[in-house]
Every structure is written in structure tokens, then in C-alpha cells.
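The values are calculated or read from the model by the stated rules, or taken from the named source; none is laboratory data. Predicted model, so just to flag it, every value in this text is computed and none were measured. Note that each Cβ is placed from the backbone with ideal geometry, even for glycine, and that neighbours are counted across all protein chains shown.
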């Protein structure tokens, strides 16, 4: 699977980098660890949802223009963030546990 380097990808990368920088710069509370892990899972879920959306056959019912692409991007982002905050695939939970272990070793 090829990773597209577009505005949405850059936004997701910036969100993940912001969470990681927050953890590196003494943001080490349990809530902040969990939030960073959820942000990471949301980015992964967003990529999966976008890939799945591409497999849906296109319809002639609605014309495809920049507005529909923006709406789809917002829908994918919102869906992935909601999925990650409500448990998602469990990646955030495991990642947060690993980050806590790494913190103890520092």
C-alpha cells in the first residue's frame, strides 16, 4: 500500500508528532500517555478507513468535486477519532502500557 503525501496525511503526521513531542517534553501523566496512544491509533484507523473507502464502487448519484472530497476526509477523521476514543482495535491500550513501561526504565 502506497502512503499518499497530501494535506490529510500531513495533518495526521503533525497530530502524531505533536503528541510525541508532548511526551518527550515532560508530559508524562497517565492521561497524556493515553491521549498520545489514542491519537496514534486514530491516525492508523484513518489510513485503514481511507483504504477501505477506496474499494466502495463510485456512484453517479452525486458528482465528485472538491467539496465531497473535503467532506469524506472530515468524515474519515471524525470516525477514526471516535473509534480510537471508544476502544478501537486495542492498539492504544497496548501502546500506552508499553509507554508506561518505557517511562519506568528512564
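With respect to the numbered conditions (1) under 13 Å from the mean Cα position of the chain (by Cα); (2) on the phi < 0 side of the Ramachandran plot, which one is the sole condition not fulfilled by residue 102?
All conditions are met except number (1).
If I go through the range 42-80 residue by residue, how many of them are in contact with a helix residue (DSSP H, G or I) (Cβ under 6 Å, 6 or more places away or on another chain) and either farther than 23 Å from residue 91 by Cβ or modelled with pLDDT under 90 (or both)?
Counting residues in the range 42-80 that are in contact with a helix residue (DSSP H, G or I) (Cβ under 6 Å, 6 or more places away or on another chain) and either farther than 23 Å from residue 91 by Cβ or modelled with pLDDT under 90 (or both) gives 0.
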